1. Looking only at residues that are part of a loop (DSSP other than H, G, I, E, B) and surrounded by fewer than 14 Cβ atoms within 10 Å (Cβ to Cβ) in the stretch B:42-70, which one is farthest from the other protein chains (Cβ to nearest Cβ)?
2. Could you check the stretch A:90-116 and list, in sequence order, the residues that are assigned to a helix (DSSP H, G or I) and closer than 24 Å to residue A:166 by Cα?
3. From the list B:123, B:109, which residue is part of a helix (DSSP H, G or I), more than 14 Å from chain A (Cβ to nearest Cβ) and either more than 22 Å from the chain's Cα centre (by Cα) or over 30 Å from residue A:83 (Cβ atoms) (or both)?
4. Quickly run through the stretch A:1-45 and pick out the residues that are outside any strand (DSSP E or B) and within 22 Å of residue A:104 (Cβ to Cβ).
5. Determine whether residue A:74 is farther than 19 Å from residue A:22 by Cα, out of contact with any helix residue (DSSP H, G or I) (no Cβ under 9 Å at 6 or more places or on another chain) and surrounded by fewer than 15 Cβ atoms within 10 Å (Cβ to Cβ).
6. How many residues does the stretch A:30-64 contain that are at positive phi and at pLDDT below 95?
7. Working only within the stretch A:129-146, note down all residues that are surrounded by fewer than 10 Cβ atoms within 10 Å (Cβ to Cβ) and either at pLDDT 95 or above or within 18 Å of the chain's Cα centre (by Cα) (or both).
């Protein structure tokens, strides 16, 4: 059975209205995709929001550690250890060098966040991903921090629906 | 730190260990009980994660922690769930449950110590069940007919199968697990044709030791002859 391996974690911190907000980027991939010597991996945004929102999402991911579907560094890990790892990441004040994030909002057609985007005046266009219909919403670069309003209002949206990360060194 | 405006306060938890018997799971299996107060009002003890799609579930430690991570451990992060009136970290919350698993109470002591009985109720359409077979070599039954021979009272004239077992009795946990597996497989996609559920039932009888602790009733009235 395949499982996900996580290799590296990075917290990209920004301040919105005086409060710290985070994009947690994780380098990971499936154990059985890649060549014989190396499993394929890539950086992607996995958690997003305030420290509390990120921790809540980390608890959700930690459930997969217990079933061994998620293995940090390819090893078994308890749910508590995974949550602690993410907590350390957001509580440490070290800046991740080189990493950056930018909005890349892709929503299911009919999602209530689309009417919020319309009210904000953000342009949108239909697109598809892995054969599924989606709507891509363009947030202007000068308003990029408003993506956190989507996190606050729509708790079902995941980080990978909202942002992309770049500039982080691969393992 | 305390929080009085919390929606749910969890003030007790208990994990009950079912007898170690083969072919239920690779490791020990449990049933989880929870005591909580909602908006300050204590609610009766209840079972946690005891059914899925109208079918009974026994929990391994991993399944329990996994289920907690999906809801209650997330609620402690945003403070909508406290433990004994206090905010708690999710790691510490999970640790409380791990400790409860480590100190799990054998099912036969649940009645003695907490005045509860753990029952499993199974119901199904006999027509679909009669030819069911069990493919587990550690099962006490090879087919559903043997279930009916062992529990003849379960066969109702209405064409229904209805059986309740007390999990504290010898072999009941294993029997229930296999009967449920057979029933689930036999009905296939007709989900309503087989249901099973666990019930936490308070034991009504008064403990003998409590009988002599009752205060005498003081009254000036003369009892009628």
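1. Initially, the stretch B:42-70 is screened for residues part of a loop (DSSP other than H, G, I, E, B), giving B:43-45, B:49-50, B:53-54, B:57-58, B:60.
Narrowing further to those that are surrounded by fewer than 14 Cβ atoms within 10 Å (Cβ to Cβ): B:43-44, B:53-54.
On the way: B:43: 24, B:44: 27, B:53: 18, B:54: 23 Å.
Going through the qualifying residues, I end up with B:44.
2. A:90, A:91
3. Details: B:123 fails: part of a helix (DSSP H, G or I).
Within the list B:123, B:109, the selection yields B:109.
4. The first filter runs over the stretch A:1-45 and keeps only residues outside any strand (DSSP E or B), leaving A:1-3, A:17-18, A:31-33, A:35-38, A:40-41.
A:40, A:41 - these are the residues of the stretch A:1-45 that are outside any strand (DSSP E or B) and within 22 Å of residue A:104 (Cβ to Cβ).
5. yes
6. Count: 1.
7. Within the stretch A:129-146, just A:129 meets the criteria.
Each row is one residue, and each column tells you yes or no for (1) under 19 Å from the mean Cα position of the chain (by Cα); (2) surrounded by 15 or more Cβ atoms within 10 Å (Cβ to Cβ).
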residue	(1), (2)
B:131	no, no
B:135	no, no
B:138	no, no
B:151	no, yes
B:166	yes, yes
B:173	yes, yes
B:186	no, yes
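The values are calculated or read from the model by the stated rules, or taken from the named source; none is laboratory data. None of the values given here were measured: they were computed from a predicted structure. Neighbour counts run over all protein chains shown; Cβ positions are idealised from the backbone, glycine included.
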